[in-house]
Amino acid sequence: MRVEVLLKPPEKAVFLPFNYQYRITSAIYETIAKSSPEFARKLHDEGFGERRFKFFTFSQILAKRKKLAPEGFWIIGECSLKISSPLYEFLLHLLNGLFKDHKFKIGREEFTVKGAFLRENPEIKPGQTFICLSPIVVSTLKEGYTKPYYIRYTEEPELFSEKIRQNLLRKFATYYGHPPADDRLFFFFDEEYLTRHKGTKLIHYRDQKILGYLAPFTVEGSAELIAFGYDVGFGEKNSMGFGCVEVKNADN
């Protein structure tokens, strides 16, 4: 499930830098801590399983009116944010924290929470097409690289798809305590879109430079695994603001 948060900026127009993901991650932990400091600390410091999964993801800032600037953009008027997780406890404390004082602080800017709505997941089937609400990232260890190498879908589409599958299987098994009955997953970006658009986005997250993809995609295979990906995020670094998606329809 996911929470859609409607935010009113403190001024008519508010400036945010392009690389604001860390500020959102911090704001989410701070909001949860208003409801349960213990849960927020455990989620941040320990996570779940050996890989310390956080089991949440979030969209980019969604605003009807934005004005670009060299170092970022101006949000004009109200905006929204979608935060997704399969964890009931996470969603409960997030909502409690949002309604505690109706404030959500992104960096130095303190937004007023105009509303927060719990959204049921849509019906998701194999062959479903999605759009990216935040970039999808997968990486591998590569000879000659001291840091993780972010896989280019246009160069290695099969490896990209398999890394998506393996990552989702690890998260699924950690969350449920067993693998899915069907572990098949085949991931395809819209190649026509990638031909017409750049499709990639480089995010600076504190001291990291992370390459991700923002493009429509289709997933075949296990319906159970695909639906879990919708909740928890596709690819890596979900709690850092990567891998949040929405079902593609006529409205988006």
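Nothing in this text is a laboratory measurement; each read-out follows from the coordinates by a stated rule. As the structure is a computational prediction, the values presented were derived from the model and not from experiment. Positions of Cβ are backbone-derived with ideal geometry, glycine not excepted, and every protein chain shown enters the neighbour counts.
Tabulated data for the structure shown
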| quantity | calculated |
| --- | --- |
| Residue with peak Gaussian network fluctuation, the chain [Cα springs, cutoff 10 Å], from Phe188, Phe234, Phe56 | Phe188 |
| Loop sites in segment 125-231: trypsin sites (Lys or Arg not before Pro), DSSP, at most 16 other Cβ within 10 Å | Lys142, Arg152, Arg184, Lys198, Arg206 |
| GNM top mover of Val14, Val232, Val138 - the chain, alpha-carbon springs below 10 Å | Val14 |
| Of every Cα-Cα pair in segment 111-206, the percent that sits beyond 19 Å | 60 percent |
| Longest segment of the chain lacking GluC sites (Glu not before Pro) that sit in a DSSP loop with at most 14 other Cβ atoms within 10 Å | 156-252 |
| Global form of segment 146-252, assessed from the alpha-carbon gyration tensor, a/c cut-off 1.5 | oblate |
| Value of Rg to Rh for segment 9-75 (Rh from inverse mean 1/r over Cα pairs, i.e. Kirkwood) | 1.09 |
| Segment Thr195-Asp45, length gained on full extension (0.36 nm per residue, minus Cα span) | 49.9 nm |
| Label-point gap, in nm, between Lys8 and Glu38 - each point 7 angstrom along Cα→Cβ | 3.6 nm |
| Paramagnetic reach from Asp101 in segment 8-23 [backbone N under 19 Å; point 7 Å along Cα→Cβ] | 8-11, 23 |
| Segment 62-164 shape via C-alpha gyration tensor axes, a/c threshold 1.5 | prolate |
| Top of Asp190, Asp45, Asp207 by mean-square fluctuation, Gaussian network on the chain, Cα under 10 Å | Asp207 |
| Kirkwood-Stokes translational diffusion coefficient of segment 70-229, alpha-carbon pairs, 37 °C, 0.692 mPa s, µm²/s | 178 µm²/s |
| Sites Leu159 and Leu68 - FRET efficiency at Förster radius 22 Å, r taken between beta-carbons, to 0.05 | 0.05 |
| Computed helical MRE - 222 nm, the chain, DSSP H runs ≥ 4 contributing -39500 (n - 2.57), nearest 500 | -9000 deg cm²/dmol |
| Relative contact order of segment 1-154, pairs being alpha-carbon contacts under 8 Å that are 6 or more residues apart, as % | 35 percent |
| In segment 1-97, trypsin sites (Lys or Arg not before Pro) in a DSSP loop with at most 15 other beta-carbon atoms within 10 Å | Lys12, Arg51, Arg52, Lys64, Arg65 |
| Modelled FRET efficiency - R0 35 Å, Glu224 with His204, Cβ distances, 0.05 increments | 0.50 |
